[in-house]
Amino acid sequence: MVRAPSTSANLGSGFDVVAVAHDAYFADAYVNVGSGCGVHVKFQGYDPGSDNTVTRAFERLFEILGRCWGVEAAVNNKIPVARGLGSSGATAVAALAAFVREAGVSASPQAIIEAAGLGEAAAAGSPHFDNVAAAALGGAAIVLSTQPLEVSHFFPRLLFAVGVPDVPPLREKTRVMRELLPREVAFRAYVTQLARVSALVIGLATSDYRLVALGMRDDVIEPLRAPYIRGYARVKMYALEAGAHAVTISGAGPSVIALVDDKHSDAVRAAIERAYAEEGIKAEVKIASPTHGALYYAGLSPP
């Protein structure tokens, strides 16, 4: 069995290039490798159907490796689905890492991330590499380039509160949320966002709360998406009042992620729970830390 963690992408200003892996939830994958050619995936719990990220990721990995195997995969996804926590990417990464270990083949981390990222098109309509990079490598992942794919990662010592509302999933949520994105950005906004994402990356690399908090501010994407996330304004206000350093949308939502410290973590968690309750929303709020990725759990990378 190989596990991959839940992830929160974007973290404010780092849209499509930054994600953090945390121990709020995990997806587990079991793989048997046999003769023949083809992939059969069995999902426990939520079943996304035959056209899913795991199957597509395997197809792409086989193309990269230049060979096809007979694979039976069983996926137990404990990450809430359609909540902005990288569940689809985590299942693909866990399954690919389990396959590489069981088959004894040589596949680079980049190959696994590329295959899983392209598999994300099944869930999101287009490839995405931020969530899968974090799920594979652990810690905080930074997508430096997509053509060719290049990723860097750090292991920050930070603490987060992750709020997961129990609301009906928005149909084709990621596609809808991406349709809200601006086609153009004013030059001043571009410069401000560039400064913030710089602070975010440096903060993650150095575990600097002040810089990460600065980088989690976003005046480009968040204002467009926030109105579609029920209760977000109240959750953010209450969390900041309780001592959170920063609050933003996790991925495409509706989950939220707050940067907290040990002193205020319990108060922030309670504040987020109270905000959701006042909105009439059931929610689970977890205190989470950056964690290892699937490659570590598969024994394919050092700690």
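The values are calculated or read from the model by the stated rules, or taken from the named source; none is laboratory data. What you see is a predicted model; the values in this text were computed from it and never measured. Every residue, glycine among them, receives a Cβ derived from its backbone with ideal geometry; neighbour counts consider all protein chains shown. Ligands, DNA and RNA are stripped out before the accessible areas are found, and what is left, the full protein with its side chains, is counted by its heavy atoms. Shrake-Rupley method; radii C 1.70, N 1.55, O 1.52, S 1.80 Å.
Below is a table of values for the structure above.
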read-out: Residues of region 200-217 that turn out to be open to solvent by less than 50 Å² (accessible area, probe 1.4 Å), in a helix (DSSP H, G or I) and not small (G, A, S), as a count; value: 5
read-out: Residue check for V197: surrounded by fewer than 16 Cβ atoms within 10 Å (Cβ to Cβ) and either among the aromatic types (F, W, Y) or part of a helix (DSSP H, G or I) (or both); value: no
read-out: Residue among A233, A199 that is at pLDDT 95 or above, aliphatic (A, V, I, L, M), out of contact with any strand residue (DSSP E or B) (no Cβ under 6 Å at 6 or more places or on another chain) and farther than 16 Å from A19 by Cα; value: A233
read-out: Qualifying strands (runs of 3 or more DSSP E) (wholly inside region 233-301; at least 2 residues being surrounded by fewer than 23 Cβ atoms within 10 Å (Cβ to Cβ), touching a residue at least 60 places away in the same chain (Cβ under 8 Å) and not aromatic (F, W, Y)); value: 283-288
read-out: Qualifying positions in region 172-194 - open to solvent by less than 40 Å² (accessible area, probe 1.4 Å) and of a type outside the set (S, T, N, Q); value: K173, M177, L181, A189
read-out: Any hit, region 120-136, residues being charged (D, E, K, R), surrounded by fewer than 21 Cβ atoms within 10 Å (Cβ to Cβ) and under 20 Å from A205 (Cα atoms); value: no
read-out: Qualifying strands (runs of 3 or more DSSP E) (wholly inside region 45-161; at least 1 residues being more than 18 Å from N10 (Cα to Cα)); value: 70-77
read-out: One residue from P165, P148, P169, P156 being open to solvent by 40 Å² or more (accessible area, probe 1.4 Å), under 28 Å from A82 (Cβ atoms) and not polar (S, T, N, Q); value: P169
read-out: Selection status of Y30, among the hydroxyl-bearing types (S, T, Y) and modelled with pLDDT of 95 or more; value: yes
read-out: Tally, over region 192-233, of residues that are within 19 Å of G253 (Cβ to Cβ) and aliphatic (A, V, I, L, M); value: 8
read-out: Selection count where residues are of a type in the set (V, I, T) and part of a loop (DSSP other than H, G, I, E, B), scope region 179-194; value: 1
read-out: Test: E59 is under 15 Å from G117 (Cβ atoms) and either surrounded by fewer than 24 Cβ atoms within 10 Å (Cβ to Cβ) or acidic (D, E) (or both); value: yes
read-out: Which numbered condition N76 fails, given (1) open to solvent by 10 Å² or more (accessible area, probe 1.4 Å); (2) modelled with pLDDT under 95; value: (2)
read-out: Residue that is closer than 23 Å to A29 by Cα, of a type in the set (A, V, I, L, M) and touching a strand residue (DSSP E or B) at 6+ places or on another chain (Cβ under 8 Å), where the choices are L96, L118, L137; value: L137
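Let's see how each residue does on (1) open to solvent by 20 Å² or more (accessible area, probe 1.4 Å); (2) more than 22 Å from the chain's Cα centre (by Cα); (3) of a type in the set (K, R):
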{"position": "V18", "(1), (2), (3)": "no, no, no"}
{"position": "V31", "(1), (2), (3)": "no, yes, no"}
{"position": "D51", "(1), (2), (3)": "yes, no, no"}
{"position": "E72", "(1), (2), (3)": "yes, yes, no"}
